[in-house]
Amino acid sequence: MKPLKSVKLIIIHCVANKCNRPFSVENLIACGKAKYGQCSYHYYVRRNGDIIPLLPESVQGVHARHYNYCSLGIVYEGGLDERGVAADTRTEAQKHSLYELLKALTAEYPEARIMGHCELPHVAKKCPCYRPSIEYADLQPEH
Ligand SMILES: [Zn+2]
């Protein structure tokens with residue numbers, strides 16, 4: 001795994017599994033390894049609010065093309081409704097844990113801007129099905 005150069009961005013993703021079917025930590029790690037030869041993300045936020053560290057913050061993830069060298073990747077469980085349609089399926093526990101995790105990370109990396117995967121330039125995805133840049137306006141750097 002490559003070392004992370006700096007943390008300029010904290011990028012939020014969803015697993016894109018149906019929210020009524022659990023997606024295990026083992027499954028998430030296995031998917032990354034099958035696709036990229038390593039785990040893709042730094043943190044996993046489960047439906048019950050558990051925060052699972054996956055990669056050390058000192059190494060690169062594989063979650064956002066062109067930005068892996070300077071970003072941390074956080075992924076929440078869900079992102080599709082029961083019918084399989086992209087939706088913000090975060091539970092209250094997930095919302096709370098995401099906010100607490102981001103609060104800790106932005107204290108550690110004050111220059112880091114929080115963005116959703118879909119908010120990056122040239123990304124035609126719905127992931128993570130909400131607008132982190134707006135929702136976490138109070139945690140963003142001044143400029
Ligand atoms: Zn994504």
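Every number in this text was worked out from the coordinates using simple rules, so none of it is lab data. Nothing here was measured: the structure is a model prediction, and the numbers come from that model. Virtual Cβ from ideal backbone geometry, glycine too; neighbours counted across all protein chains shown.
Restrict the search to region 75-143; then list the trypsin sites (Lys or Arg not before Pro) that DSSP places in a loop and that have at most 13 other Cβ atoms within 10 Å of their Cβ. Don't skip to the end; give the middle numbers.
Details: sites: R83, R90, K95, K103, R113, K125, K126; in loops: R83, R90, K125, K126.
Qualifying residues, ordered by number: R83.
For the peptides 16-25, 43-52, residues were scored by their other Cβ atoms within 10 Å and the scores averaged per peptide; the highest-first order is 43-52, 16-25.
Within the chain, the longest run free of exposed loop sites, counting GluC sites (Glu not before Pro) that sit outside DSSP helix and strand states (H, G, I, E, B) and have at most 13 other Cβ atoms within 10 Å, spans 1-81. Here's the list of aspartates and glutamates a cross-link from K103 could span, going by alpha-carbon distance under 12 Å and ignoring same-chain residues fewer than 8 apart: D138.
Sequence gap at least 6, Cα distance under 8 Å: using those rules, report the relative contact order of region 9-139 to the nearest whole percent. Write out the running numbers ahead of the final one.
Working: 250 pairs, mean separation 40.1, N = 131.
So the answer I get is 31 percent.
Determine how many Å³ per residue the convex hull of the Cα atoms of the chain encloses.
Working: hull volume 14.8 nm³, N = 143.
Normalising the Cα hull of the chain by residue number yields 104 Å³.
Where only DSSP H runs of four or more residues are counted, the chain gives -7000 deg cm²/dmol as its mean residue ellipticity at 222 nm, each run worth -39500 (n - 2.57).
Taking 28 Å as the straight-line reach from the Cα of K33, the lysines in range (excluding those fewer than 8 positions away in the same chain) are K2, K5, K8, K18, K95, K125, K126. Computed from point charges on the beta carbon alone (+1 for Lys and Arg, -1 for Asp and Glu), the dipole magnitude for region 9-139 about its Cα centre is near 500 Debye.
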